[in-house]
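Q: Take this structure, written in structure tokens, and hold onto it; I'll ask about it next.
The values are calculated or read from the model by the stated rules, or taken from the named source; none is laboratory data. Because the structure is predicted, anything quoted here is derived from the model rather than measured. Backbone-built Cβ (ideal geometry, glycine too); neighbour counts: all protein chains shown.
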Amino acid sequence: MHLAVLISGGLDSAILLGDALRRGEWVRPIYVRCGLAWEREEFTALTRYLAALACPRLAPLIVLEQPSGDLYGEHWSVTGRAVPDAQSPDDAMFLPGRNVLLLAKALLWCHLHGVTTVALGSLQSNPFPDATAEFFQDFARVVGRAVADGRLSVTAPFAGLTKRAVMQLGRGMPLEHTWSCIQPIEGKHCGACNKCAERRRAFADAALPDPTPYQHRA
């Protein structure tokens, strides 16, 4: 039975998948495409990351379509304009219902294909209301009820860990093939947005070399 990992190509979910493989688990990666401004570059990075980790226990990537442009409208996440910069607070990154969109279709796919657990890379520092243990438990229960006999669970194995601890778990993984930027420039990390700043700090705090070719230096 595979463990499904909801993967974006970012550091946390990429390390979660890599760690599961290291522990000998069979892993099914699931990517949910929502039509956000950075997804082309993110998906390209993800395919490279999965190729670098290829092994018999890594199942082929499942891509689910969940367009949200009609929901978010002119939001920066869709338009790519006026994105939160390196000085912006983390709550500027909040996308209402983001995990609702990601999990709804992923859980239903798992139910239809005999997978009972979906794992996400949420950390203890995640401040958003749709990233709590209670939310994950409640949401899995609701979807399980919707399919009558569904035995589904959502787990966040990194929920008790700091970013530094997670980055240490990622030591030796091909993290050069991960993606964090919300405002790509010519296929590169911009180096100036909120997520690029977070990425720089993550590598620095974990005393790991940052392999990222940023368009702009800090």
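Q: Just to check your reading of the model, which residue among Phe135, Phe158 is assigned to a helix (DSSP H, G or I) and out of contact with any Lys or Arg (no Cβ under 9 Å at 6 or more places or on another chain)?
A: Details: Phe158 fails: assigned to a helix (DSSP H, G or I).
None of the others qualify; the one that does is Phe135.
Q: If I go through the range 200-218 residue by residue, how many of them are farther than 17 Å from Trp179 by Cβ, within 20 Å of the chain's Cα centre (by Cα) and in contact (Cβ under 8 Å) with a residue 60 or more places away in the chain?
A: The number of residues fulfilling the criteria is 0.
Q: Checking the conditions here, which among Arg22, Arg48 is surrounded by fewer than 23 Cβ atoms within 10 Å (Cβ to Cβ) and free of Cβ contacts under 8 Å to residues at least 40 places away in the same chain? Please lay out each step first, then the result.
A: Values: Arg48 fails: free of Cβ contacts under 8 Å to residues at least 40 places away in the same chain.
After ruling out the rest, the residue left standing is Arg22.
Q: Additional query: In this structure, is Gly80 without any contact (Cβ under 8 Å) to a residue 12 or more places away in the chain and either within 17 Å of the chain's Cα centre (by Cα) or over 30 Å from Ala148 (Cα atoms) (or both)? Talk me through it step by step, then tell me what you get.
A: Values: without any contact (Cβ under 8 Å) to a residue 12 or more places away in the chain: no; either within 17 Å of the chain's Cα centre (by Cα) or over 30 Å from Ala148 (Cα atoms) (or both): yes.
It is false that Gly80 is without any contact (Cβ under 8 Å) to a residue 12 or more places away in the chain and either within 17 Å of the chain's Cα centre (by Cα) or over 30 Å from Ala148 (Cα atoms) (or both).
Q: Further question on the same structure: Taking the range 161-178, which residues are among the aliphatic types (A, V, I, L, M), touching a Phe, Trp or Tyr at 6+ places or on another chain (Cβ under 9 Å), over 11 Å from Leu208 (Cβ atoms) and in a loop (DSSP other than H, G, I, E, B)?
A: None; the set is empty.
Q: Separate question: Could you check the range 111-151 and list, in sequence order, the residues that are modelled with pLDDT of 90 or more, of a type in the set (A, V, I, L, M) and within 21 Å of the chain's Cα centre (by Cα)?
A: Those that are modelled with pLDDT of 90 or more, of a type in the set (A, V, I, L, M) and within 21 Å of the chain's Cα centre (by Cα): Val115, Val118, Ala119, Leu120, Ala140, Val143.
Q: Out of (1) surrounded by fewer than 16 Cβ atoms within 10 Å (Cβ to Cβ); (2) within 20 Å of Asn194 (Cα to Cα); (3) small (Gly, Ala, Ser), what's the single condition that is false for Ser13?
A: Status for Ser13: all satisfied but (1).
Q: Can I ask one more? Out of the residues in the range 104-148 meeting the condition of being in contact (Cβ under 8 Å) with a residue 12 or more places away in the chain and among the hydroxyl-bearing types (Ser, Thr, Tyr), tell me which one is surrounded by the most Cβ atoms within 10 Å (Cβ to Cβ).
A: Here the answer is Ser122.
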